[in-house]
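> Below: one structure in structure tokens.
The values are calculated or read from the model by the stated rules, or taken from the named source; none is laboratory data. All of these numbers come straight from a predicted model, not from anything done at the bench. Note that each Cβ is placed from the backbone with ideal geometry, even for glycine, and that neighbours are counted across all protein chains shown.
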Amino acid sequence: MLHKEYHPNLMLSHLIDAYWTETKFTPDEPPFRILPDGCINIVLTIDRSHNTLLSEIVGTMTSFVRVARPESVIMFGIRFKPAGLTAFTRTPIDAFTDSSVEVPLVETLFGDVYKAVGEMKTVEEIILYLDNFFIGKLAALYDFDSRIIHAVNLIHTANGLVSLPDLADQVCLSSRHFERKFKTSIGMSPQAFSKIVRFQRALHSLQRSPDKDLLTIAVECGFYDHAHLIKVFKNLAGDSPTYFRTKDIW
């Protein structure tokens, strides 16, 4: 399988993290592993051999999933930043958590854009079309709570090491109200999102410094010790940290 990522237009960078493609699946290829990153995706699965197109919202994930695809399939994804999709739909984002929902079942989200994409021949054509489509939507976005975006930024800045009361205090909401609004906008609680931020930081540390010992990575990334790090990796990624030292991730 070949995975590639593409930047959206700068005007969309506050909403869309990346476009991505997955192609060249092989018959003997084992199911690949998708790891939680706190984002929500819209995924278009194009099967040229059967002339079919499936469009799905893949919700925020609280653990890994294994996915297998036939070799005739081309996948194109739009990975939204946390809370990015809330600008385009009034459906609470936690309705999609840990699930895949066909887009036609969710309001009329983005109209016939998926059918148009399915008829295009090149990735560059698709990206230009989607950039123009989303830029055209910017003037009519739904209001989304800037306090939740601020909270997401605070969590990332603190590398996931910030408490719920501190976050609620900094965005001027009660803890209960803040937690409810965060879950509706992001798809999970602030605590779960913070855990994924710490996990992702450790994952990238393993990739950048494969010789670094687990205890050092655990302490740097906010875990109690290497045993805690291993437990989180097995829960979120399905394997020990050592497994991911030399594995491609996305």
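> Conditions: (1) in contact with a His (Cβ under 8 Å, 6 or more places away or on another chain); (2) within 24 Å of Thr86 (Cα to Cα). Leu215 meets all but one. Number of the miss?
(2)
> Can you name the condition, by its number, that Ser63 falls short on among (1) under 18 Å from Ser100 (Cα atoms); (2) surrounded by 15 or more Cβ atoms within 10 Å (Cβ to Cβ); (3) of a type in the set (Gly, Ala, Ser)?
(2) is the only condition that Ser63 fails.
> Might you check whether a residue that is surrounded by 20 or more Cβ atoms within 10 Å (Cβ to Cβ) and within 22 Å of Lys181 (Cα to Cα) occurs anywhere in region 89-98?
Yes: region 89-98 contains one or more residues that are surrounded by 20 or more Cβ atoms within 10 Å (Cβ to Cβ) and within 22 Å of Lys181 (Cα to Cα).
> State all residues of region 120-142 that are in a helix (DSSP H, G or I) and in contact (Cβ under 8 Å) with a residue 40 or more places away in the chain; if no residue qualifies, say none.
Those that are in a helix (DSSP H, G or I) and in contact (Cβ under 8 Å) with a residue 40 or more places away in the chain: Val123, Ile126, Ile127, Leu130, Asp131, Phe134, Ile135, Lys137, Leu138.
> Out of Leu10, Leu2, Leu35, I need the residue that is surrounded by fewer than 13 Cβ atoms within 10 Å (Cβ to Cβ) and modelled with pLDDT of 90 or more. Which one?
Selected residue: Leu10, the only one of Leu10, Leu2, Leu35 that is surrounded by fewer than 13 Cβ atoms within 10 Å (Cβ to Cβ) and modelled with pLDDT of 90 or more.
> What are the residues in region 143-162 that are assigned to a helix (DSSP H, G or I) and of a type outside the set (Val, Ile, Thr), if any?
The answer is Ser146, Arg147, His150, Ala151, Asn153, Leu154, His156.
> May I pose another question? Would you be able to say whether some residue in region 162-180 is in contact (Cβ under 8 Å) with a residue 24 or more places away in the chain, surrounded by 17 or more Cβ atoms within 10 Å (Cβ to Cβ) and under 20 Å from the mean Cα position of the chain (by Cα)?
The answer is no; no qualifying residue exists.
> Sort out which residues of region 196-211 are without any contact (Cβ under 8 Å) to a residue 40 or more places away in the chain, of a type outside the set (A, V, I, L, M) and either closer than 19 Å to Ile93 by Cβ or touching a helix residue (DSSP H, G or I) at 6+ places or on another chain (Cβ under 7 Å) (or both), and write them in order of number.
Hit for region 196-211 is Ser205, nothing else.
Conditions tested, residue by residue: (1) touching a Gly at 6+ places or on another chain (Cβ under 9 Å); (2) among the hydroxyl-bearing types (Ser, Thr, Tyr).
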site	(1), (2)
Pro8	no, no
Met11	no, no
Leu15	yes, no
Glu22	yes, no
Thr26	no, yes
Arg33	yes, no
Cys39	yes, no
Ile42	yes, no
Ile46	yes, no
